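Q: Could you have a look at this structure, given as structure tokens, before my questions?
The values are calculated or read from the model by the stated rules, or taken from the named source; none is laboratory data. Since we're looking at a predicted model, the values are computed, not measured. Reconstructed Cβ throughout: ideal geometry from the backbone, glycine too, with neighbour counts over all protein chains shown.
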Amino acid sequence: MSDPLSILRSVFGYDEFRPGQADIVAHILAGTPTLCVMPTGAGKSLCYQVPALLLDGPAIIVSPLTALMDDQVAGLRANGVAAAAIHSGRDRADNVADWKRVRAGEVKLLYLSPERLMTPRMLGALDALAPALFVVDEAHCISKWGASFRPEYEQLAALKDRFPGARLAAFTATADAATREDIAARLFGGSGEIVVHGFDRPNLSLAVEPKSNGKKQLLDFLDVRRGAAGIVYCLSRKSTEEIAGLLVSEGYRALPYHAGLSPELRREHQETFMAEEGVVMVATIAFGMGIDKPDIRYVVHLNMPGSMEAYYQEIGRAGRDGRPAEAMMFYGLSDARMRRQFVDDDSGDEGHKRREHKRLDALLAYCEATRCRRLALLAYFGEPDGRACGNCDTCLDPPELVDATREAQMLMSAIARTGQRFGAAHIVDVVRGADTRRIRERGHDRLPTHGVGADRPKSFWQGLVRQCLAGGYLDLDIEGFGALKLTAAGDHVLKGRAQLEIREIKPIRTERRQRRIEAAEAEGDIDAGLLATLKTLRKKLAAERQVPAYVIFSDATLIEMCRIKPQTLDELGLVKGVGPKKLADYGHVFLDALG
């Protein structure tokens with residue numbers, strides 16, 4: 001085969017490329033160094049796998065996770081592609097055998113970690129093989145401007161000089177403009193193309209709620225979603241176990257996933273989530289990379305993520321089948337303070353810390369947005385768009401903007417009069433006139449601002465603090481254990497030189513959530529029983545072959561089988577995702593099930 005479309009059809013079983021894929025393939029085949037920023041689930045793997053099969057010589061894929069390498073290799077082999085991964089998680093004998101295949105020219109795609117690739121021994125061995133293509137996956141890890149810098153990735157900058165005859169491509173799901181430029185400069189020496197493709201996910205409904213009782217809010221959110229697959233992200237291993245236990249006690253099929261579990265148990269839980277209906281995965285950010293389950297109906301964050309990049313990548317795991325899905329975040333001041341602390345405790349230099357604080361600023365502003373959240377998200381990633389989505393909480397229930405200058409002055413006066421040395425909880429107590437030991441010991445009950453806001457509930461003052469932080473009127477002093485400090489903008493408000501409007505944050509009403517779920521279910525035009533039968537068969541075949549279930553067929557392919565209900569091998573071969581190798585391996589057994 002000599003052209004990309006023939007490879008796509010004959011090997012991978014797809015009739016056409018998704019928007020943007022063909023251009024990226026063409027750039028790589030033309031020898032143009034190419035950085036591709038593509039959302040999670042947009043099909044980035046095909047963008048380098050197709051040209052790899054068309055080029056003379058092996059393609060080296062640099063990946064940070066061994067589990068992800070193994071899944072990619074299993075998927076390629078299922079399509080009849082000669083691929084291998086060499087890493088420390090495999091038996092030495094298996095690594096040696098696969099390397100012999102690579103050296104003999106029998107492997108087209110070789111997956112390596114950056115640490116293994118950049119050893120003098122491996123580089124010397126590859127010199128003799130003349131690789132045709134190097135692909136750096138999760139390329140944001142190479143940039144000190146990025147949110148997930150990994151020092152071992154820095155060495156990859158040497159590839160362009162060491163292998164001048166090889167094509168070079170890089171892929172990442174999330175990178176802002178500064179990070180993109182830095183990646184291109186390091187990997188390509190400033191030349192090449194940067195392709196940013198499609199951050200808009202119109203089927204995702206975005207919502208944020210202030211956190212008051214996180215467990216109750218989560219249960220309320222999930223109550224109308226029983227039977228739907230979803231992910232609940234938690235900040236710690238302990239909270240992951242607690243929330244999973246809570247959901248199980250409430251009758252949900254919930255499983256924990258975090259780095260403290262054994263690799264075998266993590267794998268088992270991931271396989272269950274991928275193969276079975278209605279499972280809730282309660283996880284830390286250790287879960288998600290490489291997950292391609294199309295029917296995830298919601299992603300919930302019980303804590304604020306680390307950055308807009310992390311948030312986008314994590315919510316991007318929902319609704320990959322194009323049907324309505326939801327992203328809900330519960331956040332509070334404690335989340336913002338903890339995230340600030342994480343940044344300050346990081347070992348990075350001061351420039352890195354400043355950038356991370358700016359990323360948190362952007363996320364806080366997103367949380368307190370008064371306009372369409374979709375527009376705010378796209379603007380952050382450099383895709384300005386004037387069309388409100390009509391599908392997020394701020395569009396469906398527009399916030400009422402009110403003048404809160406007087407209340408802000410009360411709050412800021414309390415902060416100033418207490419020496420800008422106390423956190424939000426204490427300041428709110430002062431403003432509301434609380435009689436606590438801490439207030440009495442410090443004489444704060446004798447301040448003019450003590451009790452001036454007693455007519456407002458605590459939730460109002462907590463919301464005002466959040467919005468002042470998001471708007472840049474207040475800062476959190478992490479070294480001062482989360483003390484609130486006035487910024488120059490806040491000082492202007494306090495002294496009457498500027499006004500301040502706030503939004504009244506209203507939780508999404510349960511009945512509106514129910515309408516969204518019903519609308520999503522109404523789109524389902526397939527036989528649920530038949531789909532369950534096909535998934536059971538897929539799970540059995542995957543267990544026999546010791547591969548993830550989606551390596552056999554993706555959910556999207558099974559759903560299309562249910563819609564088309566093919567009766568012959570030729571008809572089954574027309575289903576997207578059924579290439580000739582899979583048709584030969586699994587065609588008859590799936591036709592029997594479709595009977």
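Q: Based on what the data block shows, is LEU187 hydrophobic (A, V, I, L, M, F, W, C) and part of a loop (DSSP other than H, G, I, E, B)?
A: no
Q: Within the stretch 196-209, track down each residue that is surrounded by fewer than 19 Cβ atoms within 10 Å (Cβ to Cβ) and outside any loop (DSSP other than H, G, I, E, B).
A: VAL196 - this is the single residue of the stretch 196-209 that is surrounded by fewer than 19 Cβ atoms within 10 Å (Cβ to Cβ) and outside any loop (DSSP other than H, G, I, E, B).
Q: Tell me, please, whether a residue that is surrounded by 17 or more Cβ atoms within 10 Å (Cβ to Cβ) and either farther than 24 Å from VAL551 by Cα or in the same structural domain as VAL547 (by TED's automatic domain parsing) (or both) can be found in the stretch 254-269.
A: no
Q: So ALA549 clears everything in (1) buried (at least 19 other Cβ atoms within 10 Å of the Cβ); (2) modelled with pLDDT of 90 or more; (3) of a type in the set (Gly, Ala, Ser) except one condition, right? Which one?
A: Status for ALA549: all satisfied but (2).
Q: Now, a different point. From the set of residues in the stretch 28-41 that are touching a residue at least 60 places away in the same chain (Cβ under 8 Å) and in a loop (DSSP other than H, G, I, E, B), which is surrounded by the fewest Cβ atoms within 10 Å (Cβ to Cβ)?
A: Within the stretch 28-41, the match that is surrounded by the fewest Cβ atoms within 10 Å (Cβ to Cβ) is GLY31.
Q: Would you pick out the residues in the stretch 87-117 that are touching a Leu at 6+ places or on another chain (Cβ under 7 Å) and closer than 21 Å to ILE142 by Cβ?
A: Of everything in the stretch 87-117, those that are touching a Leu at 6+ places or on another chain (Cβ under 7 Å) and closer than 21 Å to ILE142 by Cβ turn out to be LEU109, PRO114.
Q: Residues that are surrounded by fewer than 18 Cβ atoms within 10 Å (Cβ to Cβ): find the helices (runs of 4 or more DSSP H) completely inside the stretch 392-452 holding 2 or more of those.
A: The qualifying helices (runs of 4 or more DSSP H) are 393-396, 405-417, 437-441.
Q: Turning to a different aspect of this structure: List every residue pair whose Cβ atoms sit under 7 Å apart, with the two residues 6 or more apart in sequence or on different chains, where the first one lies in the stretch 1-27 and is touching a residue at least 40 places away in the same chain (Cβ under 8 Å) and the second, anywhere, is of a type in the set (S, T, N, Q) and surrounded by 15 or more Cβ atoms within 10 Å (Cβ to Cβ).
A: Pairs that qualify, where the first residue is touching a residue at least 40 places away in the same chain (Cβ under 8 Å) and the partner is of a type in the set (S, T, N, Q) and surrounded by 15 or more Cβ atoms within 10 Å (Cβ to Cβ), are MET1/SER10; VAL11/ASN79; PHE12/ASN79; ILE24/THR34; HIS27/THR34.
Q: For the stretch 526-595, please list each of the helices (runs of 4 or more DSSP H) lying entirely inside it that holds at least 2 residues being of a type outside the set (S, T, N, Q) and farther than 18 Å from GLN72 by Cα.
A: Helices (runs of 4 or more DSSP H) meeting the threshold: 528-545, 555-564, 569-572, 580-594.
Q: Just one of (1) in contact with a Phe, Trp or Tyr (Cβ under 8 Å, 6 or more places away or on another chain); (2) among the small types (Gly, Ala, Ser); (3) at positive phi trips up GLY319, so point out which.
A: Failed condition: (1).
Q: Within the stretch 499-512, can one find any residue that is at pLDDT 90 or above and more than 28 Å from MET274 (Cα to Cα)?
A: Yes; the residues of the stretch 499-512 include at least one that is at pLDDT 90 or above and more than 28 Å from MET274 (Cα to Cα).
Q: Within the stretch 59-163, which helices (runs of 4 or more DSSP H) (wholly inside it) include 1 or more residues that are in the same structural domain as GLU350 (by TED's automatic domain parsing) and either in contact with a Gly (Cβ under 7 Å, 6 or more places away or on another chain) or basic (Lys, Arg) (or both)?
A: Here the list is empty.
Q: Which one of the conditions (1) under 17 Å from TYR550 (Cα atoms); (2) modelled with pLDDT of 95 or more does LEU247 fail to meet, given that it meets all the rest?
A: (1)
Q: If only one of TYR380, TYR366 is within 28 Å of ASN213 (Cβ to Cβ) and either among the aromatic types (Phe, Trp, Tyr) or in the same structural domain as ILE559 (by TED's automatic domain parsing) (or both), which one is it?
A: TYR366
Q: For the stretch 123-140, check the following and say yes or no: at least one residue is in contact with a helix residue (DSSP H, G or I) (Cβ under 6 Å, 6 or more places away or on another chain) and small (Gly, Ala, Ser).
A: Yes, the stretch 123-140 contains at least one residue that is in contact with a helix residue (DSSP H, G or I) (Cβ under 6 Å, 6 or more places away or on another chain) and small (Gly, Ala, Ser).
Okay, residues lined up against (1) farther than 16 Å from GLU368 by Cβ; (2) modelled with pLDDT of 90 or more:
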residue	(1), (2)
THR405	yes, yes
LEU411	no, yes
GLN420	yes, yes
VAL428	yes, yes
GLY443	yes, yes
GLY453	yes, yes
LYS458	yes, no
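Q: Tell me which residues, restricted to the stretch 164-184, are under 20 Å from HIS352 (Cα atoms) and not in a strand (DSSP E or B).
A: Within the stretch 164-184, THR174, ALA175, ASP176, ALA177, ALA178, THR179, ARG180, GLU181, ASP182, ILE183, ALA184 meet the criteria.
Q: How about the stretch 45-58: which of its residues are part of a helix (DSSP H, G or I) and buried (at least 23 other Cβ atoms within 10 Å of the Cβ)?
A: CYS47, TYR48, GLN49, VAL50, PRO51, ALA52
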